[in-house]
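The values are calculated or read from the model by the stated rules, or taken from the named source; none is laboratory data. Fair warning: this is a prediction, and the values are worked out from it, not measured in the lab. FYI the Cβ positions are ideal-geometry reconstructions off the backbone, even for glycines, and counts take in every protein chain you see.
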Amino acid sequence: MIKRLSLALAALGVATAPAFAHLNPAEHGSFAAGITHPLFGLDHVLVMVAVGLWAASFRGKAMLAVPAAFVGTMGLGFAAAIAGLPLPFVEPVILASIVFIGLMVALALPFSVAGMAVTVAFFAFFHGHAHGGELGDAGAVSFAAGFMLATAALHAAGIALGLGFARLQAANEKSVLTRAAGLATAASGVALAVAG
């Protein structure tokens, strides 16, 4: 169990190392630029891992439906940005998503899977719009495929982390470690908002 948790943490650490931050699409290709984009923005990493933690804390259908709602709606937000649809408050809502989802993980409030999916979809639209606004010279389809794949990987890392935490504390219905990670996520979101 500890070994799996260590592997999940190591994978997350490697995935978010700053060495490849925001590759230049002209030099590295649109897909590679899309892959790296969410991996090297702390705001993106925090919320995407938190979505996985939240889904894992409810198990069952939530572990597929909640990340799928995020990734799918993020694609719609990206398409809206590419189409030139303006969206106000993109950055504030992205920061709010970190705090809100972190608090949902920390508080372990009862939530329906549909409610969770709708909640993350709302925030995902803004994340996708931000990606569309940062497209630059990248090809839209390959860039979107890259950031959607990276997002799904971060959700999977959050799920693995949440399941690992739960196994370490099998006696608790909602893992104290998962709740602490949610609180740390929310606090990080507040810190990012204050710093920005």
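Here are some notes:
- Of all positions in the stretch 24-36, at least one carries a residue that is over 16 Å from the mean Cα position of the chain (by Cα), among the polar types (S, T, N, Q) and surrounded by fewer than 20 Cβ atoms within 10 Å (Cβ to Cβ).
- One residue stands out in the stretch 147-158 among those that are under 11 Å from the mean Cα position of the chain (by Cα) and aliphatic (A, V, I, L, M): the one that is surrounded by the most Cβ atoms within 10 Å (Cβ to Cβ), namely Leu154.
- Of all residues in the stretch 92-107, one or more are more than 24 Å from Leu161 (Cβ to Cβ), surrounded by fewer than 20 Cβ atoms within 10 Å (Cβ to Cβ) and at pLDDT 95 or above.
- Close pairs from the stretch 45-71: first touching a residue at least 60 places away in the same chain (Cβ under 8 Å) and at negative phi, partner outside any helix (DSSP H, G or I) and among the aromatic types (Phe, Trp, Tyr), Cβ under 9 Å, at least 6 apart: Trp54/Phe111
- Exactly one residue out of Ala69, Ala55, Ala106 is farther than 16 Å from Gly133 by Cα, assigned to a helix (DSSP H, G or I) and over 13 Å from the mean Cα position of the chain (by Cα): that is Ala106.
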